[in-house]
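The structure appears below as structure tokens.
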């Protein structure tokens, strides 16, 4: 292992430029805590390095000033998902390369790993606190719709009468037997997804890492829910726009309420999972990068 602690991000370009988003995610990790005694102008000064796992094409687009290590890892399988337009009722099927996350245990060069979706933006050190605990494996169970519309009510369980759903958006794990077993069963579920979909009562497509993780963790923990991240996963839904990001750390977003009126809100200093990838324009990415490197 090259380091004892670190962050791992998977990113493969398809319909969206996920590597560009990963570059922003990596840059924001410099701001997570004063305890790291980093110099924002010296990206190599942090003690939580970032490893990007991507394919050969993605490696060419990686920002080496914010990413410490690149691992080339490809998959010969594709996955598709349906997305709806943010401002209208349009529906499109897009390519979704999410079939390699179960390999994180073997691929991570760290003894303690924080595995992040590339669209998870860190603005505080809450998740980093896990590195200083004796927890072996942790992730989110509960999610919060920042707009207050409770859009994730149907995501509480894999299906109506099934087990509670866990989120693979941010996963912390140590190199230990329990974590290894979780990832091994994660792969088992992925490789036999149609079977588990029938058993747990959810759709056979698309494959979702959240579902595979949920089944694996529940089974291996005796269907208990110990050591989960003790706060909700703050999320901006796929129907929410980020319209501005300011150097003081304010993120401004817009959405339509239940009466279809356009509303504006802001958040500051809170980690957030951004599901609408279209908001990552060059302007927003540059604003986030400037904030990450500002003194």
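Quick one: grab the alpha carbon gyration tensor of the stretch 106-214, order the square roots of its eigenvalues as a ≥ b ≥ c, and give me rounded if a/c is under 1.5, else prolate or oblate depending on whether a/b is larger than b/c. Note, shape of the stretch 106-214 comes out oblate. Which of the three applies to the stretch 250-290, rounded, prolate or oblate, going by the alpha-carbon gyration tensor with a ≥ b ≥ c and a/c under 1.5 meaning rounded? Verdict is prolate for the stretch 250-290. I want the antiparallel fraction of DSSP beta bridges within the chain, as a percent rounded to 5. Bridges in the chain are about 60 percent antiparallel. Between residue 59 and residue 191, the modelled label-to-label distance comes to 2.6 nm, taking each label 7 Å out from Cα in the direction of the beta carbon.
Residues within the reach of a label modelled at residue 175 (point 7 angstrom out along Cα to beta-carbon, backbone nitrogen below 14 Å), restricted to the stretch 97-111, are 104-111. Springs join every pair of Cα atoms under 10 Å in this Gaussian network model of the chain, and among 56, 133, 15 the largest mean-square fluctuation is at 133.
Taking a ≥ b ≥ c as the square roots of the Cα gyration tensor eigenvalues, the chain comes out rounded, since a/c falls below 1.5.
Take every Cα pair under 8 Å whose residues are at least 6 apart in sequence, average their separation, divide by the length of the stretch 223-295, and the relative contact order is 34 percent.
Estimated from helices alone, the mean residue ellipticity of the chain at 222 nm is -6500 deg cm²/dmol (sum of -39500 (n - 2.57) over DSSP H runs with n ≥ 4, per residue).
Throughout, read-outs are computed from the coordinates displayed, never taken from laboratory work. Bear in mind that the values here come from a model prediction, so they are computed numbers and not experimental data. In this analysis, Cβ positions are derived from the backbone assuming ideal geometry, glycine residues included, and neighbour counts consider all displayed protein chains.
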